[in-house]
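Take a look at the structure below.
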Amino acid sequence: QLKQSLMTASRCGSTVAVLFVDLDNFKEVNDEHGHQVGDAVLWAFSKRLQGAIRGNDHVGRLGGDEFLVIAEPIDGAAEAHSVARRIANAVSDPIEIGDRMITLSLSIGIAVADAASDLTASELLHDADLAVYRAKELGRSRIELCDEALLFEVQQRTIIEGSLRTAIAEDELTMYYQPIIDAKTAKLLSLEALIRWKAPDGAWIPPDLFIPIAERSDLILELDNWVVNHVVDQLVKWTNHPELGDVAVAVNISGRHLASESFVCDILGPLRDAKISPTRLVIEVTEGELLDDLDSAAHKLELLRNQSIRIAIDDFGTGYTSLGHLRSLPLDILKIDRTFIQDKSAESLVKLIIDIGHLLGAKVTSEGIETVDQAAHVTELGSDALQGYLFSKPMPAEVVEQMSVVAEPEHTRFVS
């Protein structure tokens, strides 16, 4: 149908739009209410969708919770956006299935082709897919248009992804380490490993630029494995170091890697091959990455924990993990996100998180400590460990080896 619509637009000098409609978090409907209710919700939504489009428009289900609307003819992006708003409004009221009221939200991506466009049906569909991905990336329940800015951004991502693959293959990456300090004794507890990328031209590529790009594909698995292997190699080198011989190092693991079948072997294999004790490795996962498949994530992390690898939840407080979810997870360390530490009005919340962590038998680390007052305050609230620029910025392994912890009147910091 889309091919026919594009041919008509070309022949008649008209414009066609594709609207990629995706139900947000529909998996939760199936998980909570069962697939029979989920199927009934999809049927009810499809009826509402048909009622929201115009007479000449076409609608179809791509599969699962994804639908496609072909709007033709249409007066450019503005009218396409108007159609999208009507579709979004179609789920403003909950869907009633038996005695259940199901609330939905939609992410909608729009791509437009006018008579002068040479886009094929597959290319137009791809552009709409890019737009709906952007809508989900920006928080879901929104409408996004595939425009020149988005296409340029995708082009830049493709370039960076290719360069990152080369960087992994040619070992252009390096690891930096940031100390985590015992809040009471001011001793070094562990280090967090943080990846850094210095391009051949000498420019540093920020992690918050290349890591999200890697996370869009299985490239993140290569990146995670590179990190784990290099950290294990570093632990081997530190084995006979007087201060670092038994230090533990935390590595950040992506949600995509956690979901992969190879995850457990990818972690245990390098430790076994290098004959490094699993107690020297901490696996950090962010709160949000656990929720896509909580049961599977908990099972895999429990397998690692049974081998004496500690498990930390990073950036806690920024996601939507319930207390029930936390209780089902193997948990050794809870890391409070820096935004709460640096917000003076969040003191009660910080105290609550610390108490929850202790209630679950976990140690609590406060991230983003930049001042003596912050360190003293969260320690008074019960934080077990501290991490932040007050003590040290992330640094190369050779610099870590030259550092030592010394006590000063007001605080403890790393010095050379």
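The values are calculated or read from the model by the stated rules, or taken from the named source; none is laboratory data. Owing to the predicted nature of the structure, the values given are computational and were not obtained by experimental measurement. Every residue, glycine among them, receives a Cβ derived from its backbone with ideal geometry; neighbour counts consider all protein chains shown.
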Strands (runs of 3 or more DSSP E) fully within segment 68-133 counting 1 or more residues that are in the same structural domain as residue 19 (by TED's automatic domain parsing) and surrounded by fewer than 20 Cβ atoms within 10 Å (Cβ to Cβ): 95-97, 100-102
Meets criteria (more than 23 Å from residue 293 (Cα to Cα) and either at pLDDT below 90 or assigned by TED's automatic domain parsing to the domain that holds residue 110 (or both)) for residue 36: no
Tally of residues being free of Cβ contacts under 8 Å to residues at least 24 places away in the same chain and of a type in the set (A, V, I, L, M, F, W, C) across segment 42-55: 2
In segment 368-386, the residues that are surrounded by 19 or more Cβ atoms within 10 Å (Cβ to Cβ), under 15 Å from residue 185 (Cα atoms) and among the aliphatic types (A, V, I, L, M): 375, 378, 385, 386
Residue check for residue 168: buried (at least 21 other Cβ atoms within 10 Å of the Cβ), at negative phi and in the same structural domain as residue 397 (by TED's automatic domain parsing): no
Filter pass, residue 272 being under 22 Å from residue 335 (Cα atoms), of a type in the set (Lys, Arg) and either in contact with a Pro (Cβ under 8 Å, 6 or more places away or on another chain) or assigned by TED's automatic domain parsing to the domain that holds residue 179 (or both): no
Neighbours by Cβ (under 6 Å, 6+ apart or cross-chain): first from segment 56-76, over 27 Å from residue 13 (Cα atoms); second outside any loop (DSSP other than H, G, I, E, B): 61/67; 62/68; 65/23; 65/26; 66/22
Cβ pairs under 9 Å, 6+ apart, first in segment 134-161 and touching a residue at least 24 places away in the same chain (Cβ under 8 Å) and in a loop (DSSP other than H, G, I, E, B), second among the acidic types (Asp, Glu) and surrounded by 12 or more Cβ atoms within 10 Å (Cβ to Cβ): 140/22; 140/24; 141/24; 146/127; 146/129
Residues of segment 233-257 that turn out to be out of contact with any Leu (no Cβ under 6 Å at 6 or more places or on another chain), at pLDDT 95 or above and hydrophobic (A, V, I, L, M, F, W, C), as a count: 6
In segment 1-33, the residues that are surrounded by fewer than 18 Cβ atoms within 10 Å (Cβ to Cβ) and farther than 15 Å from residue 95 by Cβ: 1, 3, 4, 7, 8, 10, 11, 12, 13, 14, 27, 31
Residues located in segment 70-90, provided they are among the hydrophobic types (A, V, I, L, M, F, W, C) and in contact with a helix residue (DSSP H, G or I) (Cβ under 7 Å, 6 or more places away or on another chain): 70, 71, 74, 87, 90
Search result, residues across segment 237-272 that are assigned to a loop (DSSP other than H, G, I, E, B) and acidic (Asp, Glu): 243, 246, 261
Pairs where the first residue, in segment 270-298, is over 26 Å from residue 178 (Cβ atoms) and at pLDDT below 85 and the second is part of a loop (DSSP other than H, G, I, E, B) and of a type in the set (Val, Ile, Thr), C-beta under 8 Å, 6+ apart: 291/321
Some residue of segment 208-220 being under 22 Å from residue 398 (Cβ atoms), at pLDDT below 95 and either touching a Cys at 6+ places or on another chain (Cβ under 7 Å) or surrounded by fewer than 19 Cβ atoms within 10 Å (Cβ to Cβ) (or both): no
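Residue-wise test of (1) surrounded by fewer than 16 Cβ atoms within 10 Å (Cβ to Cβ); (2) in contact (Cβ under 8 Å) with a residue 40 or more places away in the chain; (3) among the polar types (S, T, N, Q); (4) in contact with an Asp or Glu (Cβ under 7 Å, 6 or more places away or on another chain).
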| position | (1), (2), (3), (4) |
| --- | --- |
| 205 | no, yes, no, no |
| 233 | yes, yes, no, no |
| 245 | yes, no, no, no |
| 252 | no, yes, yes, yes |
Matching option when the condition is within 17 Å of residue 331 (Cα to Cα), loosely packed, with under 15 Cβ neighbours inside 10 Å and small (Gly, Ala, Ser), among 262, 296: 296
Condition check for residue 27: over 26 Å from the mean Cα position of the chain (by Cα), more than 16 Å from residue 142 (Cα to Cα) and either of a type in the set (Lys, Arg) or not assigned by TED's automatic domain parsing to the domain that holds residue 137 (or both): no
